[in-house]
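Taking it in order: structure first as structure tokens, then the write-up.
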Amino acid sequence: MRRFYFFLPFVVLLALGGYFIWGLGTDRRPDSIGSPHVGKTPPVFSLPMIAGMRGEGLSTGDLQGNTPTVVNFFASWCVPCQAEHPQITRLANEENIRVVGINYKDKAEDARGWLQELGNPYDAIGADTNGDVGFDWGLSGVPETFILDEQGIIRYHHAGPIDADTLKKDILPAIEDLQ
Amino acid sequence: MQRQPGPKSLRLILSSTLAVLVFLCMSAALGETPLQNSQAEARAQNLFHEIRCVVCQHESIATSNADMAADMRRFVRHKIEDGQTDRQIKQELHTRFGDFVLFQPPFHKGTFLLWTLPFLAFLVAGTAVWLYFRQMRKTATERERP
């Protein structure tokens, strides 16, 4: 019995240590708070296209379709959004995926310039100029990306930019699971 | 000899005036309008302290300078004006942002450990201490018998 008490602190230390080492893993994002929207229908919204650009805008009804839909929140003032733009473009070029964008708290001329310079990968864009729609989606920053299935239910959420690795390991498999 | 008001009351008046002025300046600078009804605004301020800023995650929206915190404060004030209860407002925020937004998250299986771990830890530690002292007493009494 004595021996049990003797080793107990070491066992607890090892267990905690192992847990902390796992916590330091590079794949973890400790500031990620998850999303309560996964598994639910998206918030109701209706947004116009960015002023000065051609398009119908974006509303909740547009998020159901023949394919899974990727909803990407972006802004011209957001540096990580620029960093992930190539991945979003790659995603948009994939077959059987529809990528739409919501332009968050942006000025029309800035957004137009940004898309002109980098390219416009989105099938449709909604201009959320005051951020109310982003607020309803529980955005804690940009970029954030949601993946919806064909019924329009949110199935996956990713906060932060999507790098090539994340695209390959997380996003594309998540979309495949929905098809 | 000059007559001065008691230093304590003077300090109190000056500091509270300063606090109000600072608050007004801050509100103006942040572009925030407190509610007209002072009771409603007090209610808003109380609520702010119970809601976590999702950007500066260690702060409440009462103190956070983040844009998002200002959005959240505006949302809370708007909902108070709409006549919603504190509970409803927190529920609305919870629907949008999840458990993390409330400093007192709801109790369910996902937060079960969060809520109970301190008590469990105390129980375990308390039991260990009790057993230790019991053991000490046993060896002490054992030694007393020749």
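The values are calculated or read from the model by the stated rules, or taken from the named source; none is laboratory data. If you're wondering where the values come from, they're calculated on a predicted model, not measured in any experiment. FYI the Cβ positions are ideal-geometry reconstructions off the backbone, even for glycines, and counts take in every protein chain you see. Note: accessible area is taken over every heavy atom of the protein model, side chains too, but ligands, DNA and RNA are not part of it. Shrake-Rupley method; radii C 1.70, N 1.55, O 1.52, S 1.80 Å.
Within the range B:66-81, being aliphatic (A, V, I, L, M) and touching a residue at least 40 places away in the same chain (Cβ under 8 Å) holds for B:70, B:80. Taken residue by residue, the range A:23-33 has no member that is open to solvent by less than 60 Å² (accessible area, probe 1.4 Å), within 13 Å of chain B (Cβ to nearest Cβ), within 19 Å of residue A:132 (Cβ to Cβ) and under 18 Å from the mean Cα position of the chain (by Cα). Restricted to the range A:141-156, and to residues there that are part of a loop (DSSP other than H, G, I, E, B) and touching a helix residue (DSSP H, G or I) at 6+ places or on another chain (Cβ under 8 Å), the residue that is nearest to the other protein chains (Cβ to nearest Cβ) is A:141.
Checking the structure you have, find out if any residue of the range A:99-111 is open to solvent by 60 Å² or more (accessible area, probe 1.4 Å), among the hydrophobic types (A, V, I, L, M, F, W, C), touching a residue at least 40 places away in the same chain (Cβ under 8 Å) and within 20 Å of residue A:141 (Cα to Cα). Checking the range A:99-111: not a single residue is open to solvent by 60 Å² or more (accessible area, probe 1.4 Å), among the hydrophobic types (A, V, I, L, M, F, W, C), touching a residue at least 40 places away in the same chain (Cβ under 8 Å) and within 20 Å of residue A:141 (Cα to Cα).
Looking at the range B:66-98, which of the residues that are outside any helix (DSSP H, G or I) and within 12 Å of another protein chain (Cβ to nearest Cβ) is farthest from residue B:32 (Cα to Cα)?
B:98
Just so you know, in the range B:50-65 the residues that are in contact (Cβ under 8 Å) with a residue 40 or more places away in the chain and out of contact with any Gly (no Cβ under 9 Å at 6 or more places or on another chain) include one that is farthest from the other protein chains (Cβ to nearest Cβ), and it is B:50. If we scan the range B:53-65, do we find a residue that is part of a helix (DSSP H, G or I) and open to solvent by less than 100 Å² (accessible area, probe 1.4 Å)? No - not one qualifying residue is present in the range B:53-65.
The numbered conditions (1) more than 27 Å from residue A:38 (Cα to Cα); (2) surrounded by 15 or more Cβ atoms within 10 Å (Cβ to Cβ); (3) not polar (S, T, N, Q) are all true for residue B:47 except (1).
Report whether or not residue B:139 is exposed (fewer than 11 other Cβ atoms within 10 Å of the Cβ) and either in contact with a Pro (Cβ under 7 Å, 6 or more places away or on another chain) or in a helix (DSSP H, G or I) (or both).
Criteria met by residue B:139.
For the condition within 14 Å of another protein chain (Cβ to nearest Cβ) and open to solvent by 10 Å² or more (accessible area, probe 1.4 Å), residue A:136 qualifies.
When A:57, A:39 are checked against the criterion of being touching a residue at least 12 places away in the same chain (Cβ under 8 Å), touching a strand residue (DSSP E or B) at 6+ places or on another chain (Cβ under 6 Å) and surrounded by fewer than 19 Cβ atoms within 10 Å (Cβ to Cβ), A:57 stands alone in meeting it.
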